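The values are calculated or read from the model by the stated rules, or taken from the named source; none is laboratory data. Fair warning: this is a prediction, and the values are worked out from it, not measured in the lab. Cβ coordinates were reconstructed from backbone atoms using ideal geometry, including for glycine residues, and neighbour counts include every protein chain displayed. These area figures cover heavy atoms from the full protein model, side chains too; ligands, DNA and RNA do not enter into them. Shrake-Rupley method; radii C 1.70, N 1.55, O 1.52, S 1.80 Å.
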Amino acid sequence: MNSIRKNRWKDKVFSGTAIFSTFFSLLLLVIFLGDIIFEGIHRIDWDFITGLPSRRPENAGIYTAMIGSVWVLTLTALIAFPIGVAAGIYLEEYSKKGRLSNLLEINIANLAGVPSIIYGLLGLEIFARVMGFGSSILAGSLTLSLLILPIIIVATRESVKAVPQSIRDASYAMGASKWQTISLQVLPASSGGILTGIILALSRAVGEAAPLIVVGALAYVPFAPKTPMDEFSVLPIQIFNWISRPQQGFVTNAAAAIIVLLAITFAMNGIAMYLRSRWQRKLKW
């Protein structure tokens, strides 16, 4: 067998392995989603969405956990968005290229892969104990902000880097300052990519449970939080609590809550894909 036939045989083996792996993964995903939908879709109704936690599975709802998730997600976005975007712009547009900037880039990229439980331990010590926020929504939001900041910074840097240098040169040639060039030319041109990164980061945050459990989020909260200093629960923790109960009714409730959480995540990812597509259509460079 000559080398050409060997390479063709290797190509066929690799192609077959890739196709098999793809369909096997999709099959597992379909089985997983189908089982969850079959188990929980009939449980979703208005009473389940607006119901409070209960010891009886037929009366339990996700209202307090869902409101807690909305609070945490909103505060996380308000905290992480300006800091992450500002850091990304600084690193890409203002910082001088050198050992320090290279070290920062490597560490930020590595932070995106750190397990979320580590961020939970950091948030517990700094926000809950040292700063005295306790087991509040604010402490949980600050912890999740740390978790998604590397993702937003990397997305902002890549989006800003994708703007052609000729746009900046043309702006400078018209007499604009550096900040005017960034705020009026670079940021609008890169806004689609930045928003996509932010939404994908928030999609990760909405499904996190481990760091919030470490910070002190509760599994049972009989009231909806009204201020950032209130105690709270979120949908992933509510699901974890129900799935650990022995009663079949709570397992059904957990499946229904998973469907709601998946719907929120898919909706956010859909928005991200739409924004990216719309942004790419506007690019005419």
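Couple of notes before you dig in:
- Annotation note: Cβ proximity below 7 Å between a residue of region 237-253 that is in contact (Cβ under 8 Å) with a residue 24 or more places away in the chain and a residue that is open to solvent by 80 Å² or more (accessible area, probe 1.4 Å) and of a type outside the set (Lys, Arg) (sequence gap 6+ or interchain) occurs for Gly249/Glu58; Val251/Ile243.
- Helices (runs of 4 or more DSSP H) enclosed by region 172-285 - at least 2 residues per element that are under 28 Å from Ile36 (Cα atoms) and hydrophobic (A, V, I, L, M, F, W, C): 187-206, 210-215, 235-243, 248-282
- First in region 71-85 and more than 15 Å from Leu195 (Cβ to Cβ), second anywhere and among the aromatic types (Phe, Trp, Tyr) and part of a helix (DSSP H, G or I), Cβ under 7 Å, 6 or more apart: none
- Within region 89-105, the residues that satisfy the criterion of being of a type outside the set (D, E, K, R) and over 18 Å from Ile182 (Cβ atoms) are Gly98, Leu100, Asn102, Leu103, Leu104.
- Filtering region 206-248 to residues that are among the basic types (Lys, Arg) and closer than 25 Å to Gly40 by Cα leaves only Arg245.
- Comparison of Trp279, Trp285 shows that the only residue that is open to solvent by 90 Å² or more (accessible area, probe 1.4 Å), in contact with a Ser or Thr (Cβ under 9 Å, 6 or more places away or on another chain) and modelled with pLDDT under 90 is Trp285.
- Any hit, region 242-256, residues being crowded, with 18+ Cβ neighbours inside 10 Å, under 19 Å from the mean Cα position of the chain (by Cα) and of a type in the set (Gly, Ala, Ser): no
- Tally of residues being open to solvent by less than 50 Å² (accessible area, probe 1.4 Å) and either out of contact with any helix residue (DSSP H, G or I) (no Cβ under 9 Å at 6 or more places or on another chain) or hydrophobic (A, V, I, L, M, F, W, C) (or both) across region 44-64: 5
- Top-ranked residue of region 102-130 - restricted to ones that are over 22 Å from Ile152 (Cβ atoms) and either of a type in the set (A, V, I, L, M) or assigned to a loop (DSSP other than H, G, I, E, B) (or both), ranked as least open to solvent (accessible area, probe 1.4 Å): Ala128
- Note on region 80-101: among residues that are within 28 Å of Gly140 (Cβ to Cβ) and open to solvent by 40 Å² or more (accessible area, probe 1.4 Å), the one that is farthest from the chain's Cα centre (by Cα) is Tyr90.
- Residues (part of a loop (DSSP other than H, G, I, E, B), touching a residue at least 40 places away in the same chain (Cβ under 8 Å) and under 17 Å from Gln247 (Cβ atoms)) located in region 44-55: Pro53
- Out of Ile37, Ile67, Ile41, Ile31, one residue alone is closer than 21 Å to Ile137 by Cα, open to solvent by 40 Å² or more (accessible area, probe 1.4 Å), part of a helix (DSSP H, G or I) and aliphatic (A, V, I, L, M). It is Ile67.
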